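One structure is given here, and the rest of the page talks about it.
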Amino acid sequence: GGVKAEDLWPAGQRALCKMQDKFRFFHVPKAGSSFAPLVWAMACEAGNKSLDLLLKPGGLTRFPAGVLGPRCNVRYLGGGSRVEPDYHHAALRGDEEVAAAIGVFREPASRIVSAYHYDYHVHLPTWDQAPINRTALLALPEANSTRLLAFARLPIVSNTATKMLIGSPPGSIRRIVAADITLALRRVAALRFVAITECLHEAADVLRVAKHDWGLDNVSLPPLRSFRTNSLLGANDRQLDILAVTADLLRRCSVHDMDEYDADVEIYNVAACRFHRARHIAHVEPQSPLCAESARTFSPQFCRARHI
């Protein structure tokens, strides 16, 4: 059979080469479940339009049959055994997964506020558990966002994106140190593709351009759909107003009052700069006011000034 050129590479580079033929949905909770079918369509049965994320009674995720098919077993990287073998909220398991991962990130204050309004939603791992003391939380007043701020300060809520990038599950109580942030920033900068919740429809269009470079012109991506009524895609105007006001309050409080909030802010800044750079190259214009605002915030000047 002879020796292939890649057989002479170091093991890490061989693994990276193989990972470039695979896909992994890296999904920070409350950032955009509706992006999953687009990733599955590329990794799994091409042209299968039924790869929608479904919810069982009680809100548990039910994966469509196509995601568990033979092609997926080869090309789709699962995350862990918490819910299913291919659980998409799982952390990155090492540098070798970075080349395969398509990550969706959300502005940290908005993500926390969305989790708060979605029944204090967190993803607890099967180990390192620190469940929410709901009795103590509910005893706090809603006035002046006292309860929201207490929720945001919980170790299982803060820095979820950073934890997942460095290998800890969402909902872990790991405290973030400088070396963790360095690793997380390096990984978010090296993901196969980055999307942001604020521009999810635009990200789907950019992904359609990107798949051409990946040799997947024969793959048809399904339309982006919304599954959660309290998400930015499906919320009504009143819900959006509540999210926006409380997220703004959380951002202002966090400047002085939340020691660990800044790690996810740094991660999101890199993700947003990466996305808007890719959007510009793909000639995809913002379609929504939210995405247009994001594009103005994460301008080329903003990103260059921060060496992103």
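Averaged over all directions, how much area does the convex hull of the C-alpha atoms of region 127-192 cover when projected, in nm²?
On the way: hull surface 22.6 nm².
For region 127-192, averaging the hull's shadow over all directions gives 5.7 nm².
Using only the heavy atoms of the protein chains and a 1.4 Å probe, how would 107, 97, 142, 285 rank by accessible area, largest first?
Numbers: 107 30, 97 5, 142 100, 285 130 Å².
The ordering from most to least exposed comes out as 285, 142, 107, 97.
In terms of modelled amide H atoms, which long-range or inter-chain residues lie less than 5 Å from the amide H of residue 28?
Residues meeting the criterion, in which the H sits 1.01 Å from N, are 104.
How large is ³J(HN,Hα) for each residue in region 151-167, as worked out from phi by the Karplus curve 6.51 cos²θ - 1.76 cosθ + 1.60 (θ = phi - 60°), to whole Hz, x for Gly and Pro?
For region 151-167, the Karplus-derived couplings read 4, 5, 7, 4, x, 7, 9, 6, 6, 4, 5, 4, 4, 5, 5, 9, x Hz, x marking Gly and Pro.
Note the full-extension length gain between residue 182 and residue 95 as 0.36 nm times their separation in residues minus their Cα-Cα distance, in nm to one decimal.
On the way: separation 87, 0.36 × 87 = 31.32 nm, distance 1.33 nm.
Full extension from residue 182 to residue 95 adds 30.0 nm.
Compute the distance in nm between two label points, each set 7 Å from the Cα along the Cα-to-Cβ direction, one at residue 138 and one at residue 307.
4.9 nm
Roll a 1.4 Å probe over the protein heavy atoms and report the accessible area of residue 121 in Å², nearest 10.
40 Å²
The values are calculated or read from the model by the stated rules, or taken from the named source; none is laboratory data. Because the structure is predicted, anything quoted here is derived from the model rather than measured. Positions of Cβ are backbone-derived with ideal geometry, glycine not excepted, and every protein chain shown enters the neighbour counts. Accessible surface areas use protein heavy atoms only, side chains included; no ligands, DNA or RNA. Shrake-Rupley method; radii C 1.70, N 1.55, O 1.52, S 1.80 Å.
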